[in-house]
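**Q** What follows is a structure written as structure tokens; I'll ask about it next.
Every number here is computed from the coordinates shown, using simple stated rules; none is lab data. Bear in mind the structure is a predicted one, so any value in this text is a computation, not a measurement. Cβ placement follows ideal geometry from the backbone for every residue including glycine, while neighbour counts extend to all protein chains displayed.
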Ligand code: UT7
């Protein structure tokens, strides 16, 4: 990404929300052939959050945005654009962005949803940056929000233990100080990944029917082992690539902010970059894989704990269904 604009896009506020209800590993032990020990050792997950069955993804996104707006101390009417990374929109249409615009009374904003599965936040952030660089948008909200409990088969031990519900949001604004902000992004897709990680039902290929319900096609399917191997390689490679391309050494990186799908993938990524684990943002142990939510929730929590400082280099990295993957380099601006 070569930015020829007279300014950069910088993150100026963060916010997040996770539901109150905690589901620990023991919950699954009660009815599935699994164990707390297996889940912890194979994934790094101890517990995750679950939204009420009748409450949609937009509820969490609204809470995350309200948190962000409060942190920035601005009015919602100042927002120009809302981009929502999600695979669990409230409904196929209208977009969740439209629902957020209405519920938040963001009277001057337009918006859209962007589907890139676990890379939803990274892809949305990279997209939002372009609107800021063009000079046409001054305040853009990017939300990563997913209610994975709505598409998880609670009888499938291969997948149900992995996922959680949550949302995180960032605000992007222009800065004339080109040293700060979103400095670079590398984004990739490989459509060959479809067969290993997908949800086949509900779209135009397999519209909802009794048959799609019976075949459980409205749930996440994952060939964990194949995806694991690809994720380790791709996420580690792209994180290393963005670091070297920008002449940033591992010592200069304040935080790796990886998608939180599996602790072993995260460790491999940090090792490849030569980064110690104390410089890796983590929330997988308490929230599991919240898909588009993992990265912005991490950043928001660490910021709220006072752990992110102006001038810090952050490398955000993700890998997910598609396949989709990528990295973003940020120099923290506030
Ligand atoms: O976020 C999007 C991208 N997704 C990812 O990056 C996830 C990538 N994949 C993974 O994280 C891992 O592959 C999993 C955590 C999903 C699975 O771990 P694994 O070490 O790859 O296990 P496996 O799939 O190779 O399964 C090993 C064994 C199997 O039994 P057999 O065939 O060896 O008898 C599974 O049936 O573990 C079994 N197993 C379980 N056992 C207890 C699978 N799930 C469970 C479970 N509890 N929940």
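**Q** Just to be sure I understand: of the beta bridges DSSP finds with both ends in segment 8-179, what percent are antiparallel, rounded to 5?
**A** 65
**Q** From Cα pairs below 8 angstrom and at least 6 apart in sequence, can you work out the relative contact order of segment 24-121, rounded to a whole percent?
**A** 24
**Q** Continuing with this model, one more query. Among DSSP bridges having both ends in the chain, what percentage is antiparallel? Round to the nearest 5.
**A** Beta bridges within the chain, antiparallel portion: roughly 70 percent.
**Q** So what is Rg over Rh here for segment 8-179, counting just Cα atoms and using Kirkwood for Rh?
**A** Dividing the radius of gyration by the Kirkwood radius yields 1.04.
**Q** So for segment 134-221, Kirkwood radius off the Cα pairs, Stokes-Einstein at 25 °C and 0.890 mPa s: how many µm² s⁻¹?
**A** Result for D is 147 µm²/s.
**Q** Using Cα-Cα distances under 8 Å and only pairs 6 or more residues apart, what relative contact order does segment 8-179 have, in percent?
**A** Computed over segment 8-179, the figure is 33 percent.
**Q** For the chain, set up a GNM with springs between Cα atoms under 10 Å and report which of 207, 296, 56 has the largest fluctuation.
**A** Judging by the Gaussian network model, the answer is 207.
**Q** Using only DSSP helix segments of four residues or longer, with each worth -39500 (n - 2.57), what per-residue ellipticity at 222 nm results for the chain after dividing by its residue count and rounding to 500?
**A** -9500 deg cm²/dmol
**Q** Let me ask something additional. Considering only segment 182-331, what is the antiparallel percent among its DSSP beta bridges, to the nearest 5?
**A** Expressed as a percentage, antiparallel bridges in segment 182-331 total about 75.
**Q** Of 93, 59, 7, how do they rank once you tally other Cβ atoms within 10 Å and put the fewest first?
**A** The most exposed by this proxy come first: 93, 7, 59.
**Q** Here is a further query. Mean-square fluctuation check for the chain, GNM, Cα pairs under 10 Å: which of 281, 217, 60 is largest?
**A** Comparing 281, 217, 60 in the GNM, the peak value goes to 217.
**Q** Jot down the per residue volume, in cubic angstrom and as a whole number, of the convex hull over the alpha-carbon atoms of the chain.
**A** 128
**Q** When the chain is treated as a GNM, springs tying every alpha-carbon pair under 10 Å, which of 291, 159, 249 comes out with the largest mean-square fluctuation?
**A** The residue that fluctuates most here is 249.
**Q** Something else now. Arrange the following residues from fewest to most other Cβ atoms within 10 Å of their Cβ: 230, 155, 214, 66.
**A** Fewest to most other Cβ atoms nearby, the residues stand as 214, 155, 66, 230.
**Q** Ok, one more. Arranged by the count of other C-beta atoms within 10 angstrom, fewest first, what order do 52, 80, 146 take?
**A** Ordered from fewest to most neighbouring Cβ atoms within 10 Å, 52, 80, 146 come out as 52, 80, 146.
**Q** Under 15 Å from the 7 Å Cα→Cβ point of residue 195, by amide nitrogen: which residues of segment 113-143?
**A** Answer for segment 113-143: none.
**Q** Okay, moving on. Starting from the Kirkwood radius over alpha-carbon pairs of segment 231-334, derive D by Stokes-Einstein at 4 °C in a medium of 1.567 mPa s and give it in µm² s⁻¹.
**A** Value of D from the Cα-based Kirkwood radius: 96 µm²/s.
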